[in-house]
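One structure is given below, encoded as structure tokens.
What follows is calculated from the coordinates using simple rules that are stated; it is not laboratory data. Since we're looking at a predicted model, the values are computed, not measured. Note that each Cβ is placed from the backbone with ideal geometry, even for glycine, and that neighbours are counted across all protein chains shown.
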Amino acid sequence: MKICGITTVADAAAAVDAGADAIGLNFIGGPRQIEYDRAADILASLPPAITPVALARLERSRISDPLVEFLAQFWVSHVQVYGEVTSGSLALLAQDGFRPIPVLGVRTRASPRRPPLG
């Protein structure tokens, strides 16, 4: 189980205590976007069994050089990718040692509706 949107060391600890196998660090944007210095603190605090996943935007089939350098410092190999995701960009990421996780939209008019809870 991955818990995304981790923004503090305390969030990471709570996710670990709740049984997370992985945590997501958002380097894309929005209210849960994280800066490198805060991400470094979180990554340094993680137990070895927890897999960090970087949420990253692909531009021209690549992750930005500064993010690649940052992820390499902490041995982060799992990247949840958004943007210009193609089979070729996924292959390039894999060649560079990353384990890409593409985000796929599945909701269409033909998608079944989730039954109401209760």
Evaluate Rg over Rh across the chain, taking Cα atoms for both radii and Kirkwood's formula for Rh.
1.01
As a test, work out the antiparallel percent of DSSP beta bridges whose residues both lie in the range 1-117, rounded to the nearest 5.
5
Are there trypsin sites (Lys or Arg not before Pro) in the range 35-71 that DSSP puts in a loop and that have at most 13 other Cβ atoms within 10 Å, and which ones?
Arg60
